[in-house]
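*Asks:* Can you keep this structure in mind? I'll have questions shortly.
The values are calculated or read from the model by the stated rules, or taken from the named source; none is laboratory data. It should be emphasised that the depicted structure is a prediction, and the values quoted were computed from it without experimental measurement. As a convention, Cβ positions derive from the backbone with ideal geometry for all residues, glycine included, and neighbour counts pool all protein chains shown. Accessible surface is based on the protein model in full, side chains and every heavy atom, while ligands, DNA and RNA are left aside. Shrake-Rupley method; radii C 1.70, N 1.55, O 1.52, S 1.80 Å.
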Amino acid sequence: MEKPLQMQGLFLFPTFFKIYVLLPSPEAVVKHMSQRVLLNSKEINIILHRLACQLLETHLDFSETVLIGLQPRGIFLAERLLKILKEEYKVKNIAMGLLDITFYRDDFGRGEKPLQANTTKIDFLVEDKSVVFIDDVLYTGRSIRAALTAIQSFGRPKNVELLTLIDRRFSRHLPIQPNYRGRQVDAINEERVKVMWAENEGEDVVYLVSK
Amino acid sequence: MSELSVKHLLGIKYLNKKDIHLIFETADHYKDVINRSITKVPTLRDSTIANIFFEYSTRTKLSFELAEKRLSADVVNFSAGQSSVKKGETLIDTVNNILSMKVDMVVMRHPNPGAGVFLSKHVSAAIINAGDGAHEHPTQALLDSYSIREKYGEVGGKNVVIVGDILHSRVALSNIFALKLLGANVKVCGPKTLIPKYIESLGVGVETNLKQALEWCDVANMLRVQNERMDVSYFPSTREYTQQFGINKDILQELDKEIVIMHPGPINRGVEITSDVADSEQSIILDQVENGVAIRMAVIYLLAAKIK
């Protein structure tokens with residue numbers, strides 16, 4: 001369900017010849033340094049069900065498929081999808097693992113502080129399986145690049161797909177695109193997409209935060 | 001907290017409790033990595049590390065080299081025996097020449113205490129002390145505490161006795177610092193002549209009766225008698241040392257509990273420890289070696305991240 005334009009911080013501005021142009025609403029301009037709701041919990045729920053159905057459509061019984069949640073933020077989305085697939089669509093025996101990419105990143109020593117690693121938990125081989133990476137936001141694509149290297153430590157997958165809740169358009173540094181996307185968002189580089197989950201932050205909501 | 005408080009690892013003395021916990025948590029992840037079918041990660045693929053050993057070493061050198069290679073760093077090895085050190089080159093000159101070849105980190109073992117500290121003041125690379133004389137051997141102490149943590153879940157509150165040649169042992173000193181930082185109770189045990197005079201000032205107990213020490217402890221860390229560092233005789237004979245301070249199956253069976261046996265290696269079988277103990281279920285000597293690689297990967301990773 002699309003929101004009214006006004007709620008997205010936009011309004012229709014009439015010009016000559018009855019042509020309307022989209023401009024940021026005065027409130028949105030005043031509310032600099034603010035955060036705007038991109039998706040509320042109801043919308044997230046609908047999207048999660050759609051993504052689960054799309055996975056189901058492609059992978060059927062998941063016998064040759066493994067879901068890999070990317071640490072640290074992709075695991076919540078992965079757990080949710082797993083729950084929906086198991087409880088609502090009665091899919092049994094879905095293999096799911098958690099993958100940490102810290103040691104596989106290409107920006108070591110370039111940031112301010114070393115990144116702290118998270119747990120990797122993949123207790124199966126991915127040899128000849130269809131792997132689905134699950135992450136909350138796709139931005140530059142560099143994490144996915146690292147994940148592609150990391151997954152090779154667990155075998156040679158038959159193919160690798162990518163599922164993201166939020167796909168930030170026009171911000172890619174690498175030729176990587178999602179196979180399943182929740183919502184596509186146009187955000188400028190100064191803006192940040194914040195995905196929150198009920199089990200971690202108290203409610204399901206996606207914010208667009210401008211600095 | 002995701003950063004060490006130091007730029008070099010010169011000794012446990014310079015670390016705080018948070019540093020040690022960070023190293024342990026990072027090592028947990030590396031232990032996971034080295035148990036995969038592909039044990040290599042690309043993290044340090046643009047770093048070069050020099051292993052400079054002015055003293056003999058088997059485990060430490062191999063362990064460091066494996067750790068570096070599993071992090072994808074480029075490695076150069078240097079042993080003083082086959083080098084221009086024999087022609088009279090000084091330590092700083094030797095290392096500076098190696099650094100001119102664009103080396104980011106130096107792992108050094110040296111017979112003189114304080115060699116690492118000295119070097120860290122004069123060269124720009126990150127220094128890891130792999131043993132400096134009878135002073136410190138920080139990565140060994142870290143892997144020892146890490147192995148205790150792995151066995152018991154935590155180090156704090158455990159009773160650890162370090163048995164043997166405390167006077168000449170860098171492992172003993174680093175272990176005391178690390179164990180005390182982590183909240184363990186520490187005793188040293190050995191012939192009076194091989195226990196430093198003011199060791200109690202480090203907050204450790206002294207015990208000269210091995211039996212009593214073993215009854216008190218949860219973990220016994222057995223050290224080698226360092227004959228090569230002894231200029232005079234510290235005890236009448238090796239046979240007598242073994243009778244008083246050597247550990248064997250009979251002594252362990254007399255105890256009313258099962259303790260964990262550790263040894264930093266190299267083992268002198270039949271002197272400080274008999275083969276049946278060294279190879280028993282109670283011994284975690286080979287776990288220590290495995291953990292050594294993970295600990296060294298963690299240390300190298302965390303220090304490399306501080307190189308700007």
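*Asks:* Please grab the % of Cα pairs in the range B:138-284 that end up more than 23 Å from each other.
*Replies:* That fraction is 28 percent.
*Asks:* Oh, and also: Testing the spin-label approximation: label points 7 Å from Cα along Cα→Cβ at B:K87 and B:R229. State their distance in nm.
*Replies:* Between B:K87 and B:R229, the label points sit 3.2 nm apart.
*Asks:* While we're here: Rounded to the nearest 0.05, what FRET efficiency is calculated for A:K92 and A:V209 with R0 set to 35 Å and r the Cβ-Cβ distance?
*Replies:* 0.30
*Asks:* With a 1.4 Å probe and all protein chains kept in place, how much accessible area does B:E254 have, in Å² rounded to the nearest 10?
*Replies:* 120 Å²
*Asks:* With a cut-off of 8 Å between alpha carbons and a minimum separation of six or more residues, what is the relative contact order of chain B in percent?
*Replies:* Value for chain B: 20 percent.
*Asks:* Now a separate question. Given a Förster distance of 35 angstrom, what is the FRET efficiency for B:N268 paired with B:S5, based on the Cβ-Cβ distance and rounded to 0.05?
*Replies:* FRET efficiency, B:N268 to B:S5: 0.40.
*Asks:* Across peptide B:34-46, how many C-beta atoms of other chains are within 10 Å of each residue C-beta, on average?
*Replies:* That works out to 4 on average.
*Asks:* Taking Rh as the Kirkwood radius computed over C-alpha pairs, what is the Stokes-Einstein D of the protein assembly as shown at 25 °C in a medium of viscosity 0.890 mPa s, expressed in µm² per second?
*Replies:* Using the Kirkwood radius from Cα pairs, D works out to 93 µm²/s.
*Asks:* Where both partners of a DSSP beta bridge lie in the protein assembly as shown, what percent of those bridges are antiparallel, to the nearest 5?
*Replies:* Percent antiparallel among DSSP bridges in the protein assembly as shown is about 25.
*Asks:* Just check chain B against the gyration tensor rule for me: Cα atoms, a ≥ b ≥ c as the square roots of the eigenvalues, rounded for a/c under 1.5, and otherwise prolate or oblate depending on whether a/b exceeds b/c.
*Replies:* The shape class here is prolate.
*Asks:* May I pose another question? Just subtract the alpha-carbon distance of B:K18 and B:R36 from 0.36 nm times their residue separation and send over the number in nm, one decimal.
*Replies:* Contour length minus the Cα-Cα distance gives 3.7 nm.
*Asks:* Let me cross-check B:H21: its accessible surface, 1.4 Å probe, with only protein heavy atoms counted, in Å² to the nearest 10?
*Replies:* Roughly 80 Å² of B:H21 is accessible to a 1.4 Å probe.
*Asks:* Which of the helices in chain B meet the span-like rule: DSSP H, Cα axial reach of 15 Å or more, Kyte-Doolittle mean at least 0.0?
*Replies:* B:170-181, B:285-304
*Asks:* So what J values fall out for the range B:190-203 if you push phi through Karplus, 6.51 cos²θ - 1.76 cosθ + 1.60 with θ = phi - 60°, rounded to Hz, Gly and Pro as x?
*Replies:* x, x, 3, 5, 9, 10, x, 4, 9, 4, 4, 5, 8, x
*Asks:* Quick check on the protein assembly as shown: helices-only [θ] at 222 nm, where DSSP H runs of length 4 and up contribute -39,500 (n - 2.57) each and the sum goes over total residues. Nearest 500, please.
*Replies:* It comes out at -10000 deg cm²/dmol, rounded to the nearest 500.
*Asks:* Continuing with this model, one more query. Just for chain B, what percent of DSSP beta bridges are antiparallel, to the closest 5?
*Replies:* Of the beta bridges lying entirely in chain B, close to 5 percent run antiparallel.
*Asks:* Can you list the lysines whose alpha carbon is less than 30 Å from that of A:K211, not counting same-chain residues fewer than 8 positions off?
*Replies:* Once the sequence-local lysines are set aside, what remains near A:K211 is A:K3, A:K31, A:K42, A:K113, A:K194, B:K306, B:K308.
*Asks:* Sorted by packing (mean other beta-carbon atoms within 10 Å per residue), highest first, where do B:115-121, B:97-103, B:167-173 land?
*Replies:* Descending mean neighbour count gives B:167-173, B:115-121, B:97-103.
*Asks:* A:N118 to A:S34: FRET efficiency via 1/(1 + (r/R0)^6), r the Cβ-Cβ distance, R0 35 Å, to the nearest 0.05?
*Replies:* Using R0 = 35 Å, I get an efficiency of 0.70.
*Asks:* Another question, then. Kindly rank B:143-151, A:154-162 from highest to lowest mean number of other beta carbons found within 10 Å of each residue.
*Replies:* Highest to lowest by the protection proxy: B:143-151, A:154-162.
*Asks:* Trypsin sites (Lys or Arg not before Pro), restricted to the range A:60-126: which are DSSP loop and have at most 14 other Cβ atoms within 10 Å?
*Replies:* A:K90, A:K92, A:R110
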